[in-house]
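Peer 1: Quick one: the structure is below, and I'll ask about it shortly.
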Amino acid sequence: MRYVDVQITRETKPISEKGFGLPLILGTTKAAPYKVYREIEDVVTDHAIDTREYKMAQRMFGQEPRPQEIAVYGVPYAVLVDGPDALITGLNELMKVNKDFYFLTCVEQGDEEITALAEWISTSDRLYGATTANVELAETLRGQYDNLFLVVHDKPETYVAEGLIATCAPRMIGSFTWTFKNVKGVPAVGFDNTEINAIEEANASTYIEEAGILMNSHGVVTSGEYIDIIQATHFLKARMAESVFRLLALKEKVPYTDAGIALVVAEIEGVLNLAFKMGIVADEEGIPMFSITPPRRKDIPKNTIAKRVLPDVRWTCVVAGAIENVEIRGVLTL
């Protein structure tokens, strides 16, 4: 137009965000390329119905809610021939080309395999869920891993942990606890109360019937922390990194001034406010319970400024947590 010059600059280039809803089934029946499936009917085209890969996928797709997608990746593995390192090698090869999954599951349920996979995932911001029949394994791994949760069941082929992942994966992080969740198609365990208590004391869970409700008995990882807290940690770490990177990448320049530092703080505050809305951060009379303490430019060493590094942006928040046990004391009088 002759008299009005309108220019619009698009700053909408997408920055890839880490997903938290995609489970991976690590299969061992045969070598199989990484593939994402949306329905159980699609899985059978690559994995026969008598394979553990298919049966695990069937359990996961049979949940309500359930993931929109499940990935399957196959590594040829013979228990009596190959060691668990073969599984780790296969996962390392996968990570070179595809890192999209968040939940890891595996058709192998042996102690050595579970331990090796727990060690592998311990350096990653992901979760590994496994079903085992071995109560002693839970005690052996007690206190060791933030990224592993074990479900002990006398029928491990029912894939309780994997079904639990499937029903929890599509839920909003911070909005739920992993305790009390129902896994469709799984019977209650045949353990008595003493055995169930021993499993829970070892930072594992089992599948019980309580007041007519079938449910997961305890939502913790083997270190003893609650699974939802571990998920919240992964979420906050990923979203803060993405938000600050987006600021640095899409702005022409973030100046090394107090105003520029405030831009970084605003990104962190935005993530914490989102976490509050999701139920991760607690509130006091409706006000989110978090604080951010950035440095001032004048307090930062000149050498650090010269390197263009902004140090010591600190924040704290109070997690909302969840009520999972209630103690009620009453007195009846005449």
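Peer 1: Only one of T51, T89 is under 23 Å from the mean Cα position of the chain (by Cα) and either assigned by TED's automatic domain parsing to the domain that holds K181 or over 19 Å from Y159 (Cα atoms) (or both); which?
Peer 2: On the way: T51 fails: under 23 Å from the mean Cα position of the chain (by Cα).
After ruling out the rest, the residue left standing is T89.
Peer 1: Ok, one more. Among the residues of region 54-90, which ones are loosely packed, with under 14 Cβ neighbours inside 10 Å, at pLDDT 95 or above and β-branched (V, I, T)?
Peer 2: The answer is T89, and nothing else.
Peer 1: Still on this model: When the residues of region 270-288 are filtered to those that are part of a helix (DSSP H, G or I) and hydrophobic (A, V, I, L, M, F, W, C), which remaining residue is farthest from G321 (Cα to Cα)?
Peer 2: Going through region 270-288, the residues part of a helix (DSSP H, G or I) turn out to be 270-278.
Narrowing the set further to residues that are hydrophobic (A, V, I, L, M, F, W, C) leaves 271-272, 274-276, 278.
Working: V271: 18, L272: 15, L274: 16, A275: 12, F276: 12, M278: 12 Å.
Per the stated criteria, the residue is V271.
Peer 1: What is the one condition in (1) out of contact with any Phe, Trp or Tyr (no Cβ under 8 Å at 6 or more places or on another chain); (2) under 18 Å from V254 (Cβ atoms); (3) surrounded by 10 or more Cβ atoms within 10 Å (Cβ to Cβ) that V319 does not satisfy?
Peer 2: Of everything listed in (1) out of contact with any Phe, Trp or Tyr (no Cβ under 8 Å at 6 or more places or on another chain); (2) under 18 Å from V254 (Cβ atoms); (3) surrounded by 10 or more Cβ atoms within 10 Å (Cβ to Cβ), V319 misses just condition (2).
Peer 1: Can you find even one residue in region 249-259 that is in contact with a Ser or Thr (Cβ under 8 Å, 6 or more places away or on another chain), surrounded by 12 or more Cβ atoms within 10 Å (Cβ to Cβ), at pLDDT 95 or above and not assigned by TED's automatic domain parsing to the domain that holds G219? Spell out how you get there, then give the answer.
Peer 2: From region 249-259, those in contact with a Ser or Thr (Cβ under 8 Å, 6 or more places away or on another chain) are none; that's our starting set.
Looking for residues that are in contact with a Ser or Thr (Cβ under 8 Å, 6 or more places away or on another chain), surrounded by 12 or more Cβ atoms within 10 Å (Cβ to Cβ), at pLDDT 95 or above and not assigned by TED's automatic domain parsing to the domain that holds G219, one finds none in region 249-259, hence no.
Peer 1: Check H47 against each of (1) over 21 Å from P187 (Cα atoms); (2) touching a Pro at 6+ places or on another chain (Cβ under 8 Å) and name the one condition it does not meet.
Peer 2: Result: H47 passes all but (2).
Peer 1: Now for a different question. Take the conditions touching an Asp or Glu at 6+ places or on another chain (Cβ under 7 Å), small (G, A, S) and modelled with pLDDT of 95 or more and apply them to S217. Does it pass?
Peer 2: Considered against the rule, which asks whether it is touching an Asp or Glu at 6+ places or on another chain (Cβ under 7 Å), small (G, A, S) and modelled with pLDDT of 95 or more, S217 comes out as yes.
Peer 1: Filter region 171-225 for residues that are in contact with a Gly (Cβ under 7 Å, 6 or more places away or on another chain) and surrounded by fewer than 16 Cβ atoms within 10 Å (Cβ to Cβ); which is farthest from F61 (Cα to Cα)?
Peer 2: For region 171-225, the residue satisfying everything is G224.
Peer 1: Tell me yes or no: at least one residue of region 153-169 is among the hydrophobic types (A, V, I, L, M, F, W, C) and farther than 22 Å from E69 by Cα.
Peer 2: At the first step, the residues of region 153-169 found to be among the hydrophobic types (A, V, I, L, M, F, W, C) are 160-161, 164-166, 168-169.
Applying the additional criterion that residues be farther than 22 Å from E69 by Cα yields none.
No - not one qualifying residue is present in region 153-169.
Peer 1: Additional query: Could you list all residues from region 165-197 that are over 16 Å from K155 (Cβ atoms) and of a type in the set (V, I, T)?
Peer 2: Passing the criteria: I165, T167, I173, T177, T179, T194.
Peer 1: Same structure again: Given the options E200, E209, name the one that is closer than 16 Å to H153 by Cβ, assigned to a helix (DSSP H, G or I) and in the same structural domain as D154 (by TED's automatic domain parsing).
Peer 2: Exactly one of E200, E209 is closer than 16 Å to H153 by Cβ, assigned to a helix (DSSP H, G or I) and in the same structural domain as D154 (by TED's automatic domain parsing), namely E200.
Peer 1: Could you tell me whether region 298-307 includes any residue that is part of a strand (DSSP E or B) and either at positive phi or surrounded by fewer than 10 Cβ atoms within 10 Å (Cβ to Cβ) (or both)?
Peer 2: no
The values are calculated or read from the model by the stated rules, or taken from the named source; none is laboratory data. Since the model is a prediction, treat every value here as computed from it, not as a measurement. Cβ: placed from backbone, ideal geometry, glycine included. Neighbour counts: every protein chain shown.
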